[in-house]
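K.L.:
Have a look at this one before I ask anything.
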Amino acid sequence: MNIPSKYDPAAVEDKWYAYWMEQGFFRSTPDHREPYCITIPPPNVTGVLHMGHMLNNTLQDVLIRRARMLGKNALWVPGTDHASIATEARVVNMLAEKGIRKSDLTRDEFLSHAWEWKEKHGGIILEQLKKLGASCDWERTCFTMDEALSASVIKVFVDLFNKGKIYRGVRMVNWDPQALTAVSDEEVNYREVKSKLYYIRYRVEGEEDFITIATTRPETILGDTAVCVHPEDERFARFHGKRVLVPLINRPVQIIVDEYVDREFGTGALKITPAHDLNDYELGIKHNLESIDIFNDDGTLNQAARLLVGEDRFRAREMIVPMLQEAGNLVKTEDYVNKVGYSERTEAVIEPKLSLQWFLSMKELSAPALEHVMNDTIRLQPSKFKNTYRHWMENVKDWCISRQLWWGHRIPAYFYGEGPNDYVVAESVEEALEMAKVKTGNPSLKADSLKQDEDVLDTWFSSWLWPISVFDGIRYPDNEDIRYYYPTNDLVTAPEILFFWVARMIIAGYEYRNEKPFNTVYLTGIVRDSKRRKMSKSLGNSPDPIELMKKYSADGVRVGMLLCSPAGNDLLFEESLTEQGRNFSNKIWNAFRLIKSWEVDDTLVQPDHSEAAVEWFDAKLKRAVKKVDEQFEKYRISDALMILYKLFWDEFSSWYLESIKPAYEAPVDAVTYARTIGFMERLLHLLHPFMPFITEEIWQLVSQRKDGESLMVSPMPQPEKYDKQLIKQFEDLKEVVTSIRSIRKEKNLAPKAQMKLLVRSQSNGEYHGGLEPVIMKLANLSQVEQISEEPGGTVSFIVKNVEYFLPVGNLVNAEEEIEKLESELEYILGFWKSVQKKLDNDRFVKNAPGAVVEKERQKMTDAAAKITVLESQIEKLKSR
């Protein structure tokens, strides 16, 4: 068999991904097996792969591949989200480049351009995921505006409306002047910014007196309809019941009193602009104030402002300050730091705005979603996010679900008149017409008399149904797929959409199936650079994942991302991590090539050192299977990988292969070779979920395979009993061999020169004669002899309470030996004292698990025995 000297990931990755696809290994349909299902967090259809996607989807693929190898019917449902705001912005920009304005198009014309853009660019990210090795069932790929999913969204809207949960009303909303739409509270990011606090005085009507207010937004005084003071603030008692004139426009507005006012902020008097501040809006309702909206949808001032009409809000702020100064209304200006809301989608500064919108009442709907996370019916990993979740859910507000866009699910409300309630809600225009006829009492009403609401639904209103709608469980709640795969098993996502998406999916799950949508939510950290900045295109600190995979291989990038990404903690990414992943691939490849290069002699008897090494590594491998299982149960996926990384790199490639490796150009016995190949295969199984490509390539080369066979559908090793004592004994062996090698180096003794080893063990000593052949092989010893008296002309060391001596003749320097032993004694004494201090602590002894306490006691016993031996050796060396 011709095995290339270097591993070529590019050729291997394309070859095996195509093979897996051809064989239908990713495909899943309901059968007799236990299902295991993940629905992908659908990336925006506008998106391309970034480092966050790489981490998230690598984790999902690890879980799916492992479940498949554990014999479960594994299904990973892929798909994309239509992303209303982001996609519409892309299409508008594309049209602008062609000289076409959205306002020049009809809705249908614009949507035809949007669908054309989606078909051309919408599948890019899914194709990129294939390069990563994502084992999704691509035949089940969904898009949130597919016919079935869209029908599900409309059906749910109609249902919730009929239940009285959806209502229409004028409310203060977060308005994005760039996207020209309302956005939900969760889509607003607040940041501290350096602002100015402007102190502006208002003349009291009919008097020469003034009242001064402080504001960060002087441009909004043009919409003021009151000034408010605290009823107990004596500074303003003389103004109660009076009116003031709004600067520049001299509109008389009343002075109102309310305990809402913070007497410590600014001057203690507030300007009230109900149309442009949420708190002012609430005060406006309470005091029956007029509401004057001075802004157009794009953030420019409208006719109601009376001044600076057509100017952008920020330009208007710059212009109004000197106008106020000239008019004698500006008292002073101070530097001020305040929080400003920015649109998550466009980064535009959010404008609070009164708007007629559709809302979903959330309080009652969200109760089961709070209960079932807090009682761990649905587990958050890590659990620290439960407090954040509870805070959100206990303070949930009604969800503004309408968006002033064209791309998305159009709200199924049909208007037949000009009145605020002259509409019906239905799944189709035909159904709406029949309802409108009944409601109006006009049987001759025609379909063209109905006008559908122009707005679309918030993107999250479709993705909150994702675990149900991908199986068409809204329209057909008893179909085979939904009954078999729902609830799904694991959701892998980011903490920043815990409320946006996760909580809402849980709400929908209990509302429409009376069941949780998934068992566990694995919350990843954020991928950051070495300066702890979030990776983003704008900062230029995010590498291109496709280029990374070309440079370091898909397996290398997967391993690099996972080596330092514990659940819920941020990943500080450096390219050296992916280089480490690639180096691990090379280590595996080179170990495989070494084994396959050996000539096998069926007539050879297995050497003792090989037999002992085989038994040890068999135990070590069985232990790793158990430990990896434990880590997966705790969702410590990085820790599971690290166990296997160390097992292969340190134990298999180093200690094991070195123990059994035949002499140069000598053959290996058949028994050892067969066991080694068996170990290699088991290691490949364990590593496959993390590194699918290189493991498949080697597995196909290890033995003759039939067409249709694959590592990815072969069984994962199961936990077995193993010899714990043998593993402990081999750890002592490593210390012995390492000590001998260090002495050779210190004394300048040739590694190839064979030496004799003398061993002195007390009656209760821990010398393991069964591993003696391995020590002889690894330390290049001619003989191991057990003795009772301390020999002369030797260099010694101690492992546990066993003394080892290497005869080195006149190379022994007594003073150096004493110095070395005293240094070791000082360290062991310090260690013994630290353990004793821990065991003297009653709280530790009472509260720590029994096994942990016993382990500390054993450490103390071992240290005490070693102290006795060291003191004896030092005393004898000094007496010579």
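K.L.:
Go through region 422-456 residue by residue and tally those that are part of a helix (DSSP H, G or I) and either of a type outside the set (G, A, S) or touching a residue at least 40 places away in the same chain (Cβ under 8 Å) (or both). Steps first, please.
P.N.:
Of all residues in region 422-456, those part of a helix (DSSP H, G or I) come to 429-440, 447-449.
The next check asks that each one be either of a type outside the set (G, A, S) or touching a residue at least 40 places away in the same chain (Cβ under 8 Å) (or both); those that pass are 429-431, 433-435, 437-440, 448.
Final tally of qualifying residues: 11.
K.L.:
Check region 472-483 and report whether any residue there is within 29 Å of S565 (Cα to Cα) and open to solvent by 10 Å² or more (accessible area, probe 1.4 Å). Break it down stepwise before answering.
P.N.:
Of all residues in region 472-483, those within 29 Å of S565 (Cα to Cα) come to none.
No: region 472-483 contains no residue that is within 29 Å of S565 (Cα to Cα) and open to solvent by 10 Å² or more (accessible area, probe 1.4 Å).
K.L.:
Looking only at region 788-805, count how many residues are open to solvent by 50 Å² or more (accessible area, probe 1.4 Å) and under 19 Å from E817 (Cα atoms). Steps first, please.
P.N.:
Taking region 788-805 as the starting set, the residues that turn out to be open to solvent by 50 Å² or more (accessible area, probe 1.4 Å) are 788-789, 792, 800.
In the following step, the residues that additionally are under 19 Å from E817 (Cα atoms) were identified as 789, 792, 800.
Residues meeting the conditions: 3.
K.L.:
Name the residues in region 625-659 that are open to solvent by less than 20 Å² (accessible area, probe 1.4 Å), more than 26 Å from N519 (Cα to Cα) and either within 35 Å of the chain's Cα centre (by Cα) or not hydrophobic (A, V, I, L, M, F, W, C) (or both), would you?
P.N.:
Across region 625-659, the qualifying residues are L644, L647, F648, F652, Y656, S659.
K.L.:
Suppose we filter region 78-99 for residues that are in a loop (DSSP other than H, G, I, E, B), touching a residue at least 12 places away in the same chain (Cβ under 8 Å) and either hydrophobic (A, V, I, L, M, F, W, C) or open to solvent by 30 Å² or more (accessible area, probe 1.4 Å) (or both); how many remain?
P.N.:
Of the residues in that region, 1 qualify.
K.L.:
With respect to W392, determine if the residue is under 37 Å from the mean Cα position of the chain (by Cα), within 23 Å of P495 (Cβ to Cβ) and open to solvent by 80 Å² or more (accessible area, probe 1.4 Å).
P.N.:
Considered against the rule, which asks whether it is under 37 Å from the mean Cα position of the chain (by Cα), within 23 Å of P495 (Cβ to Cβ) and open to solvent by 80 Å² or more (accessible area, probe 1.4 Å), W392 comes out as yes.
K.L.:
Something else: Which condition number in (1) on the phi < 0 side of the Ramachandran plot; (2) in contact with a Ser or Thr (Cβ under 7 Å, 6 or more places away or on another chain); (3) open to solvent by 30 Å² or more (accessible area, probe 1.4 Å) is the one that I350 fails?
P.N.:
For I350, the exception is condition (3).
K.L.:
Could you grab me the full set of residues in region 538-571 that are within 18 Å of the chain's Cα centre (by Cα) and surrounded by fewer than 17 Cβ atoms within 10 Å (Cβ to Cβ)?
P.N.:
Across region 538-571, the qualifying residues are P566, N569, D570.
K.L.:
Here's a follow-up. Test of understanding: among R410, R379, which residue is touching a residue at least 40 places away in the same chain (Cβ under 8 Å), under 13 Å from F157 (Cβ atoms) and open to solvent by 40 Å² or more (accessible area, probe 1.4 Å)?
P.N.:
R410
Conditions tested, residue by residue: (1) under 15 Å from V802 (Cβ atoms); (2) not basic (K, R).
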| residue | (1), (2) |
| --- | --- |
| K734 | yes, no |
| N748 | no, yes |
| Q754 | no, yes |
| R760 | yes, no |
| V784 | yes, yes |
| I787 | yes, yes |
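K.L.:
Determine the pairs where a residue that is closer than 17 Å to W358 by Cβ, located within region 140-169, has a partner that is open to solvent by less than 30 Å² (accessible area, probe 1.4 Å) and in a helix (DSSP H, G or I) with Cβ atoms under 6 Å apart, the partner being 6 or more residues away or on another chain.
P.N.:
Short answer, once both residue conditions are applied: V153/S462; I166/L160.
K.L.:
What is the one condition in (1) modelled with pLDDT of 95 or more; (2) open to solvent by 80 Å² or more (accessible area, probe 1.4 Å); (3) in a loop (DSSP other than H, G, I, E, B) that K332 does not satisfy?
P.N.:
K332 satisfies all of (1) modelled with pLDDT of 95 or more; (2) open to solvent by 80 Å² or more (accessible area, probe 1.4 Å); (3) in a loop (DSSP other than H, G, I, E, B) except (3).
K.L.:
Now, a different point. Taking I818 and the conditions (1) touching a helix residue (DSSP H, G or I) at 6+ places or on another chain (Cβ under 6 Å); (2) within 30 Å of S659 (Cβ to Cβ); (3) not acidic (D, E), which numbered condition does it fall short on, given that it satisfies the others?
P.N.:
(2)
K.L.:
Here is a check on your reading of the model: is D398 under 27 Å from S150 (Cα atoms) and open to solvent by 60 Å² or more (accessible area, probe 1.4 Å)?
P.N.:
Yes: the conditions hold for D398.
K.L.:
Another question, then. Can you tell me how many residues within region 373-395 are over 21 Å from K165 (Cα atoms), of a type outside the set (A, V, I, L, M) and either modelled with pLDDT of 95 or more or assigned to a helix (DSSP H, G or I) (or both)? Walk me through how you get there before you give the answer.
P.N.:
Kept after step one, since they are over 21 Å from K165 (Cα atoms), are these residues of region 373-395: 373-391.
Then drop every residue that is not of a type outside the set (A, V, I, L, M), which leaves 375-377, 379, 381-391.
Going one step further and asking which of them are either modelled with pLDDT of 95 or more or assigned to a helix (DSSP H, G or I) (or both), we end up with 375-377, 379, 385-391.
Total satisfying the criteria: 11.
K.L.:
Here's another thing I want to ask about it. What about G164, is it open to solvent by less than 40 Å² (accessible area, probe 1.4 Å) and at positive phi?
P.N.:
no
K.L.:
Go through region 705-737 residue by residue and tally those that are under 25 Å from A613 (Cβ atoms) and in a helix (DSSP H, G or I). It would help to see each step written out before you state the result.
P.N.:
If we filter region 705-737 for residues that are under 25 Å from A613 (Cβ atoms), which is where we start, we get 716-737.
Narrowing further to those that are in a helix (DSSP H, G or I): 724-737.
Result for region 705-737: 14.
K.L.:
Hey, any hits in region 813-836 for a residue that's under 21 Å from Q725 (Cβ atoms) and either assigned to a loop (DSSP other than H, G, I, E, B) or at pLDDT 85 or above (or both)? Full working, then the answer.
P.N.:
Filtering region 813-836 down to residues under 21 Å from Q725 (Cβ atoms) leaves none.
No: zero hits.
K.L.:
Now for a different question. Could you list all residues from region 335-345 that are open to solvent by 50 Å² or more (accessible area, probe 1.4 Å) and hydrophobic (A, V, I, L, M, F, W, C)?
P.N.:
Within region 335-345, the subset open to solvent by 50 Å² or more (accessible area, probe 1.4 Å) is 335-337, 339, 344-345.
Residue satisfying the conditions is V337 alone.
K.L.:
If you don't mind, another one. Using the structure shown, decide if V173 is closer than 16 Å to I411 by Cβ and out of contact with any strand residue (DSSP E or B) (no Cβ under 6 Å at 6 or more places or on another chain).
P.N.:
no
K.L.:
Now for a separate question. Looking at the structure I just gave you, is L870 over 17 Å from I740 (Cβ atoms), touching a residue at least 24 places away in the same chain (Cβ under 8 Å) and open to solvent by 50 Å² or more (accessible area, probe 1.4 Å)? Even if it seems obvious, please write down each step before you answer.
P.N.:
Details: over 17 Å from I740 (Cβ atoms): yes; touching a residue at least 24 places away in the same chain (Cβ under 8 Å): yes; open to solvent by 50 Å² or more (accessible area, probe 1.4 Å): no.
No, not satisfied.
K.L.:
Restricting to region 204-243, give me the number of residues that are among the hydroxyl-bearing types (S, T, Y), closer than 23 Å to G299 by Cβ and out of contact with any Leu (no Cβ under 9 Å at 6 or more places or on another chain).
P.N.:
Count: 1.
K.L.:
What helices (runs of 4 or more DSSP H) completely inside region 576-661 contain at least 2 residues that are in contact with a Pro (Cβ under 9 Å, 6 or more places away or on another chain) and under 30 Å from Q381 (Cβ atoms)?
P.N.:
Correct list: 608-633, 637-646.
K.L.:
Say whether the condition of being part of a helix (DSSP H, G or I), of a type in the set (A, V, I, L, M, F, W, C), closer than 26 Å to S823 by Cα and under 48 Å from the mean Cα position of the chain (by Cα) is met by at least one residue in region 779-787.
P.N.:
Scanning region 779-787, I find at least one residue that is part of a helix (DSSP H, G or I), of a type in the set (A, V, I, L, M, F, W, C), closer than 26 Å to S823 by Cα and under 48 Å from the mean Cα position of the chain (by Cα), so the answer is yes.
One line per residue, one yes/no per condition, for (1) open to solvent by 30 Å² or more (accessible area, probe 1.4 Å); (2) farther than 17 Å from S355 by Cα; (3) of a type in the set (F, W, Y); (4) outside any helix (DSSP H, G or I):
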| residue | (1), (2), (3), (4) |
| --- | --- |
| Y281 | yes, no, yes, no |
| I292 | no, no, no, yes |
| L307 | yes, yes, no, yes |
| R317 | yes, yes, no, no |
| V321 | no, yes, no, no |
| L324 | no, yes, no, no |
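K.L.:
If you don't mind, there's one more thing I want to ask. Hey, any hits in region 125-143 for a residue that's over 27 Å from M549 (Cα atoms) and either open to solvent by 20 Å² or more (accessible area, probe 1.4 Å) or in a loop (DSSP other than H, G, I, E, B) (or both)?
P.N.:
If we filter region 125-143 for residues that are over 27 Å from M549 (Cα atoms), which is where we start, we get none.
No, region 125-143 contains no residue that is over 27 Å from M549 (Cα atoms) and either open to solvent by 20 Å² or more (accessible area, probe 1.4 Å) or in a loop (DSSP other than H, G, I, E, B) (or both).
K.L.:
Select from region 660-697 the residues that are more than 18 Å from K596 (Cβ to Cβ) and touching a helix residue (DSSP H, G or I) at 6+ places or on another chain (Cβ under 6 Å) and write down the one among them that is surrounded by the most Cβ atoms within 10 Å (Cβ to Cβ).
P.N.:
Residue satisfying both the conditions and the ranking: P689.
The values are calculated or read from the model by the stated rules, or taken from the named source; none is laboratory data. Keep in mind it's a predicted model, so treat the numbers as computed, not measured. Backbone-built Cβ (ideal geometry, glycine too); neighbour counts: all protein chains shown. The protein model used for the area step is the full one, side chains on, heavy atoms only, and it has no ligands, DNA or RNA in it. Shrake-Rupley method; radii C 1.70, N 1.55, O 1.52, S 1.80 Å.
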